[in-house]
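FYI, it's all coordinate maths here, none of it is from the lab. Keep in mind that what you see is a predicted model, and the values were worked out from it rather than measured.
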């Protein structure tokens, strides 16, 4: 099975949790989540998911506002998927500032750093990279579906967009998958491809993880502007995730809290959204 056949992305990052109306409380995401089961179901042609070109167009309408929010000295707390700005959006602030730390670590004090953003949409992380590591030259590559690549190429002509897996034929200082690994039915194979493309650091973030329960597929019904209903994604068992990355020769460097809390009705355990930074294990270890 090729990565092309398994990288069909149908679940957005858990964007609904970014729309919490009560600040400072762990409000559940305002979209209905339900357990599907331990295996990925057969795809349905009735729901195009991220294949719907309207999603990229909807995000493009908010592009200028996001870029403006990344300028100046204000906290970086503007969710790039949100339809309306939410003040003091802590989950996205955590996500963006943690990414800045990871990017600086990958650069290692050098003036240039190469980066692959797997499932990066229109290239929002390229804008964040410029804001968080000013003065550095970031060779930014983004892998996503054709509609996102086409629109992203218009907005960021200096970036390189990939609508296929040719981006995995080389290595990068930093490989990032933010809110995207769980969107692949065969997430283990996708993780293996990302690990092979990692030169210095692999950063998997905005991942819903379970501490005690087995990995499970969850369906989200979220009527949000620009998104479809019945969106599928994995809630991954943390030990299973870390064990698989260890088997790929990746060593855990640091774990991150994101502070998103999707609520699944009737689930025996609620997921905690986290990030994980890995580096290739040296042959001697």
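Based on the Cα coordinates of the range 48-167, what is the per residue volume of their convex hull in Å³?
On the way: hull volume 12.7 nm³, N = 120.
Convex hull of Cα atoms, per residue: 106 Å³.
When restricted to Cα atoms, the range 141-244 yields an Rg and a Dmax of 15.1, 45 Å, respectively. Roughly what % antiparallel, to the nearest 5, for the DSSP beta bridges in the range 86-233? The answer is about 15 percent antiparallel.
The alpha carbon convex hull volume per residue for the range 112-201 rounds to 90 Å³.
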